[in-house]
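Trainee: After the structure tokens below, expect a handful of questions from me.
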């Protein structure tokens with residue numbers, strides 16, 4: 001444990017002390033102050049670029065509510081990929097005019113429902129999607145469309161290109177289709193990939209935005225939005241991206257446009273840590289090796305380890321001071337490949353707790369309940385803010401967990 005982690009560990013110990021490890025599983029610790037710090041750092045480096053939080057990264061209602069309640073002026077809006085995400089933001093007090101339905105594959109009913117909820121900005125990346133929207137345009141008369149195209153970072157941890165986003169040579173056809181059908185072209189959108197490492201991909205995307213906007217203006221449109229997506233992570237300084245992005249906006253003369261960004265990982269990663277329970281131990285004395293099973297693994301809240309090929313480590317909550325031993329730590333499922341980490345760790349015992357620090361990005365949002373283990377319903381405990389404040393959410397959401405993940409019918413009453 002490092003010194004800056006001490007407040008979280010002290011808090012987690014108090015929570016774990018009240019739990020029976022034989023009856024209760026792991027829990028999340030949410031730290032609102034780390035959300036606020038990430039927001040402030042984003043604005044300090046990105047200037048006037050709008051922050052639209054990507055809810056898909058982590059729809060924890062305490063996190064979303066923190067952004068709405070504590071920093072409403074600093075949060076320009078939310079990037080939602082589904083109706084349930086939209087409804088969560090609205091139920092927690094979000095403004096529908098500040099939501100982008102940032103998803104290219106939508107049903108007609110979803111487009112109409114989101115529009116009726118007040119969300120009037122969405123994406124298209126192909127002629128077929130434009131024609132789908134055109135077929136219901138009498139029900140969504142002032143819906144704004146952003147053309148999504150590809151500008152991929154080949155070094156990103158997880159590329160979003162290939163499947164989503166128009167090729168550069170398809171943009172003209174999409175724009176002409178929008179014009180032919182009398183729809184509203186409002187601007188452009190691209191996403192270089194999550195966990196990005198190459199700032200140059202942003203410059204290329206901004207170049208394409210400039211060219212597309214100029215073509216739209218020649219058709220009589222007045223596009224006003226350039227959405228540069230997300231991809232920012234804690235491992236790579238956002239300052240490195242900001243320099244390239246801000247310089248490119250100036251180089252291509254887009255200072256008068258509304259520039260939107262959709263950070264998810266950058267906001268959520270540090271805000272949540274997972275505290276897991278050691279429920280199984282198998283020490284192979286002759287091999288000087290220990291196998292441990294936790295109450296969670298790669299089919300649950302640690303699924304991103306497999307999806308993003310991430311290597312993680314955990315820290316004992318209450319160190320025993322024992323000698324380190326090669327440790328292979330996995331989940332509780334019957335899948336022998338359910339391995340979370342493999343490293344030298346001081347020997348632990350059944351009933352011990354371990355902390356996975358900074359675990360908030362793409363963890364609970366992609367967890368499954370494989371084998372019947374309810375990984376998606378782990379309790380969330382929040383640390384008080386520096387001002388000793390607690391984030392409150394509607395009781396029905398607190399009781400039901402995260403309906404944006406469960407998809408419970410009529411959960412939102414909207």
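Quick grid of which residues meet (1) in a loop (DSSP other than H, G, I, E, B); (2) in the same structural domain as residue 364 (by TED's automatic domain parsing); (3) over 16 Å from the mean Cα position of the chain (by Cα); (4) surrounded by 21 or more Cβ atoms within 10 Å (Cβ to Cβ):
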residue: 51; (1), (2), (3), (4): no, no, no, yes
residue: 110; (1), (2), (3), (4): no, no, yes, no
residue: 118; (1), (2), (3), (4): yes, no, yes, no
residue: 122; (1), (2), (3), (4): no, no, yes, yes
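Trainee: Within segment 203-219, identify whether any single residue is more than 19 Å from the chain's Cα centre (by Cα), over 30 Å from residue 41 (Cα atoms), at pLDDT 95 or above and not in a helix (DSSP H, G or I), and answer yes or no.
Mentor: yes
Trainee: Tell me which residues, restricted to segment 265-294, are without any contact (Cβ under 8 Å) to a residue 40 or more places away in the chain and not in a strand (DSSP E or B).
Mentor: 285, 286, 287, 288
Trainee: Among the listed residues 340, 312, which satisfies the condition of being within 26 Å of the chain's Cα centre (by Cα), part of a strand (DSSP E or B) and within 30 Å of residue 238 (Cα to Cα)?
Mentor: Step by step, each of 340, 312 is checked, and only 340 is within 26 Å of the chain's Cα centre (by Cα), part of a strand (DSSP E or B) and within 30 Å of residue 238 (Cα to Cα).
Trainee: Which one of these is assigned by TED's automatic domain parsing to the domain that holds residue 67 and buried (at least 20 other Cβ atoms within 10 Å of the Cβ): 302, 260?
Mentor: After ruling out the rest, the residue left standing is 260.
Trainee: Six or more apart or on different chains, Cβ under 9 Å: which pairs go from a residue in segment 173-190 that's on the phi > 0 side of the Ramachandran plot to one that's assigned to a loop (DSSP other than H, G, I, E, B)? Could you list them?
Mentor: 187/223; 187/224; 187/257
Trainee: When you look at residue 340, is it surrounded by fewer than 17 Cβ atoms within 10 Å (Cβ to Cβ) and in contact (Cβ under 8 Å) with a residue 40 or more places away in the chain, yes or no? Walk me through how you get there before you give the answer.
Mentor: Details: surrounded by fewer than 17 Cβ atoms within 10 Å (Cβ to Cβ): no; in contact (Cβ under 8 Å) with a residue 40 or more places away in the chain: yes.
Answer is no for this residue.
Trainee: Exactly one of these conditions fails for residue 246: (1) more than 18 Å from residue 148 (Cα to Cα); (2) crowded, with 20+ Cβ neighbours inside 10 Å. Give me its number.
Mentor: (2)
Trainee: Residue 328 fails exactly one of the following numbered conditions: (1) under 15 Å from residue 303 (Cβ atoms); (2) surrounded by 15 or more Cβ atoms within 10 Å (Cβ to Cβ); (3) over 24 Å from the mean Cα position of the chain (by Cα). What is the number of that condition?
Mentor: Going through (1) under 15 Å from residue 303 (Cβ atoms); (2) surrounded by 15 or more Cβ atoms within 10 Å (Cβ to Cβ); (3) over 24 Å from the mean Cα position of the chain (by Cα) one by one, residue 328 breaks only (1).
Trainee: Another question, if that's okay. Please go through segment 91-139 and pick out each residue that is in contact (Cβ under 8 Å) with a residue 60 or more places away in the chain and in contact with a strand residue (DSSP E or B) (Cβ under 8 Å, 6 or more places away or on another chain).
Mentor: Answer for segment 91-139, where residues must be in contact (Cβ under 8 Å) with a residue 60 or more places away in the chain and in contact with a strand residue (DSSP E or B) (Cβ under 8 Å, 6 or more places away or on another chain): 100, 102, 104, 121, 123.
Trainee: As an exercise: evaluate residue 388 against (1) outside any helix (DSSP H, G or I); (2) modelled with pLDDT under 90; (3) crowded, with 17+ Cβ neighbours inside 10 Å and give the number of the one condition it does not meet.
Mentor: (3)
Trainee: State all residues of segment 16-37 that are assigned to a helix (DSSP H, G or I) and more than 19 Å from residue 388 (Cα to Cα); if no residue qualifies, say none. Lay out the reasoning, then the answer.
Mentor: Of all residues in segment 16-37, those assigned to a helix (DSSP H, G or I) come to 16-17, 32-37.
Matches in segment 16-37: 16, 17.
Trainee: Please specify each residue of segment 9-36 satisfying the condition of being without any contact (Cβ under 8 Å) to a residue 24 or more places away in the chain and more than 16 Å from residue 381 (Cβ to Cβ).
Mentor: 23
Trainee: Follow-up question, since we're still on this one. How many residues are under 17 Å from residue 186 (Cβ atoms), part of a helix (DSSP H, G or I) and touching a helix residue (DSSP H, G or I) at 6+ places or on another chain (Cβ under 7 Å) when one looks only at segment 124-139?
Mentor: 2
Trainee: If I filter segment 248-264 for residues that are touching a residue at least 60 places away in the same chain (Cβ under 8 Å) and farther than 23 Å from residue 123 by Cα, do I get at least one hit?
Mentor: Taking every residue of segment 248-264 in turn, none turns out to be touching a residue at least 60 places away in the same chain (Cβ under 8 Å) and farther than 23 Å from residue 123 by Cα.
Trainee: Further, regarding this structure: If we keep just the residues of segment 1-24 that are at pLDDT below 90 and touching a strand residue (DSSP E or B) at 6+ places or on another chain (Cβ under 6 Å), which is farthest from residue 314 (Cα to Cα)?
Mentor: 21
The values are calculated or read from the model by the stated rules, or taken from the named source; none is laboratory data. Everything quoted here is computed from the prediction, not taken from an experiment. No Cβ is skipped: glycine too gets one built from the backbone with ideal geometry, and neighbour counts run over all protein chains shown.
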